[in-house]
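No value in this document is a laboratory result; all are computed from the given coordinates. Model, not experiment: these values are computed from the prediction. Methodologically, a virtual Cβ is constructed for each residue, glycine included, from the backbone with ideal geometry; neighbour enumeration extends over all protein chains shown.
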Amino acid sequence: MKRNEITTFLNEKGADAAWITTPLNIFYLTGYLSEPHERLFSLLISKDGDETLFCPKMEVEEAKNAGFTGNIVGYLDTESAFDLIDQQSYKTFAIESEHLSVKRLREVEKAFNVETIIDIDQVMKDIRNVKTDNEIALLQEAAKYADLAIQAGVDKLEEGVTEIEVLNHIETTMKQHGISKMSFDTMVLFGDHAAAPHGTPGDRTLNNNEYVLFDLGVIYKGYCSDITRTVPFGTPSDKAKEIYNVVLDANKQAIKMIKPGAKISDCDKVARDIISNAGYGEYFPHRLGHGLGLSVHEFPDISSTNADEFKEGMVLTIEPGIYVPRVAGVRIEDDIVVTKDGHKILTSYQK
């Protein structure tokens, strides 16, 4: 069990307990997913492996039904969860410092007589970084639905249609296939509107002979996909086609670099050099990709500053792009799993 890595970390660091607060990390460890909003929702793990889930009382039965077998402290909105437990002392306490608010930290320090705080953020990132076979299977299914969503968008293209109309058609089609939630806000951008890497779809109408950029993903049984395709409607200009071909080459060559032991920064360099050598370096303003799993953007960062190596079981995106104002925006993104001997591309829509 991967949670053993948490207790190993606690004992190595001389810590008494960990306080996990990120909802997706709690889901990963317990099988129970909740969006608590302002309410306390935390998992306490002692150095001996004992687990206590703190959640609103109205969610206790759901947590049990999800398979959590540890202790549960359920509280009413008019109660403090810390008033419902016996006095406990955890002198050295591990927290997710990137998530826990200062206000909540002060409550925890008082409730558990904490003297020393250490961070457990990187441990949680490392645990989720390498996927199990079951996780990879779910991510593969999520990628298949992303391919289907791209096709739904392409089927809706016609001169005069708006970006919002295409977007709505995609999401309606996915609901018809049992997908209740996209992994992020679907992006459909026409022509030069796609020159804004994170542009907002609107009432821009589709003209003949321009590219359409789709950036989307779905959530399938908790796991996310993330795909970008830039497809021609009619015959785009020679300049736009040149940009497309440079991005496609960067995408393909970067993916070829992925295998266990290869440096992540070298992968970014291959794509960035192709784009720079073609004269478009200043128009590639973002990292090459990111990790993918329960969250659409996970550790690790696929960028020039990451000297880590690819590991078998990692799942990530590769998404080079060129965005030239008033001309065109092109991005091509695939979901990749690192295999024992190299890699496998999970997304399969034509490029």
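For segment 1-35, filtered to residues that are more than 19 Å from the chain's Cα centre (by Cα) and closer than 17 Å to E98 by Cβ, the residue that is surrounded by the most Cβ atoms within 10 Å (Cβ to Cβ) is A18.
For first residues located in segment 256-283 and in contact (Cβ under 8 Å) with a residue 12 or more places away in the chain, partners that are of a type in the set (K, R) and not in a helix (DSSP H, G or I) and lie 6+ apart or on another chain with Cβ distances below 8 Å form the pairs P260/K311; P260/K340; D268/R287.
Residue-level check: of (1) free of Cβ contacts under 8 Å to residues at least 24 places away in the same chain; (2) crowded, with 18+ Cβ neighbours inside 10 Å, E79 misses just (2). Screening segment 133-162 for residues that are of a type in the set (S, T, N, Q) and more than 16 Å from the chain's Cα centre (by Cα) and picking the one that is farthest from T200 (Cα to Cα) gives N134. Name the single residue, out of those in segment 59-76 being surrounded by fewer than 12 Cβ atoms within 10 Å (Cβ to Cβ) and closer than 17 Å to G31 by Cα, that is nearest to the chain's Cα centre (by Cα). Filtering first and then ranking leaves G67. Only residues that are in a loop (DSSP other than H, G, I, E, B), over 13 Å from D16 (Cα atoms) and β-branched (V, I, T) were counted in segment 96-123, giving 0.
Residue by residue, here is whether (1) touching a Gly at 6+ places or on another chain (Cβ under 9 Å); (2) touching a residue at least 12 places away in the same chain (Cβ under 8 Å); (3) on the phi > 0 side of the Ramachandran plot holds:
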site	(1), (2), (3)
E171	no, yes, no
G178	no, no, yes
M182	yes, yes, no
M187	yes, yes, no
G191	yes, yes, yes
R204	yes, yes, no
N207	yes, yes, no
E210	yes, yes, no
F214	yes, yes, no
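Annotation note: Cβ proximity below 7 Å between a residue of segment 323-343 that is farther than 26 Å from D133 by Cα and a residue that is among the aromatic types (F, W, Y) (sequence gap 6+ or interchain) occurs for Y323/Y283; V324/Y283; A328/Y211; G329/Y323; V330/Y211; V330/Y244. Once segment 156-201 is narrowed to residues that are in contact with a His (Cβ under 8 Å, 6 or more places away or on another chain) and not basic (K, R), the residue that is nearest to V330 (Cα to Cα) is P197. Inside segment 23-69, residues that are in a loop (DSSP other than H, G, I, E, B) and either within 16 Å of I6 (Cα to Cα) or in contact (Cβ under 8 Å) with a residue 12 or more places away in the chain (or both) make up a count of 16. Of all residues in segment 192-236, exactly one satisfies the criterion of being farther than 23 Å from P320 by Cβ and crowded, with 24+ Cβ neighbours inside 10 Å, namely Y223. Considered as a group, the residues in segment 100-123 that are of a type outside the set (D, E, K, R) and surrounded by fewer than 15 Cβ atoms within 10 Å (Cβ to Cβ) include one that is nearest to D308 (Cα to Cα), and that residue is Q122.
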